[in-house]
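Everything below concerns the one structure shown next.
The values are calculated or read from the model by the stated rules, or taken from the named source; none is laboratory data. All values derive from a computational prediction rather than experimental measurement. Cβ atoms come from the backbone with ideal geometry, glycine included; neighbour counts cover every protein chain shown.
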Amino acid sequence: MATRQLAVVFGVRIPALDCVALCDVWSFSVMGGDVNDRSNDGRDVRIVARAYGQNLPRRPGASDAYRSYKADSGSAREPMSCVTWQLEMRDIRAAIGIGKNIRLSTDGDDMHYYFETTTGKPSGEILITGWADKDD
């Protein structure tokens with residue numbers, strides 16, 4: 001029996017699985033580059049969380065050397081398919097009304113987002129506290 005290649009695709013949008021992240025939004029008062037104080041700008045702020053499929057099979061026989069796995073090989077394990085949810089900057093801007101002079105910091109994790117000015121000073125944070133269906 002011939003071995004067939006199974007190519008997988010990363011980051012496929014799945015709009016039917018989109019949901020809403022319920023977030024606490026905080027803004028910072030900064031003096032000399034250090035956070036002096038913070039204030040709560042809203043609790044349970046609703047921000048769209050877009051769904052993406054990861055490691056989804058594309059089709060048998062596809063030639064994609066970087067993303068291909070032998071479907072029936074004992075030595076190569078199948079990648080585990082999953083769905084991830086991401087907050088995108090355009091949705092964050094729309095939900096909390098921040099301007100173009102604010103950018104998302106690379107610090108944080110998937111439940112905690114930090115913001116800074118274009119000069120690198122801290123500006124605020126968003127903490128995801130829960131999830132809701134997008135139709136609620």
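A compact table of results
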| read-out | value |
| --- | --- |
| Matching entry among ILE92, ILE128 (being in a strand (DSSP E or B), of a type in the set (A, V, I, L, M) and buried (at least 18 other Cβ atoms within 10 Å of the Cβ)) | ILE128 |
| Filtered residues of the stretch 109-125 (kept if among the small types (Gly, Ala, Ser) and exposed (fewer than 13 other Cβ atoms within 10 Å of the Cβ)) | GLY120 |
| Tabulated pairs, the stretch 2-30, first over 18 Å from GLU88 (Cα atoms) and modelled with pLDDT of 80 or more, second part of a strand (DSSP E or B) and of a type in the set (A, V, I, L, M, F, W, C), C-beta under 7 angstrom, 6+ apart or interchain | PHE28/VAL35 |
| Residues within the stretch 99-132 that are of a type outside the set (S, T, N, Q), under 18 Å from ARG38 (Cβ atoms) and touching a residue at least 24 places away in the same chain (Cβ under 8 Å), tallied | 8 |
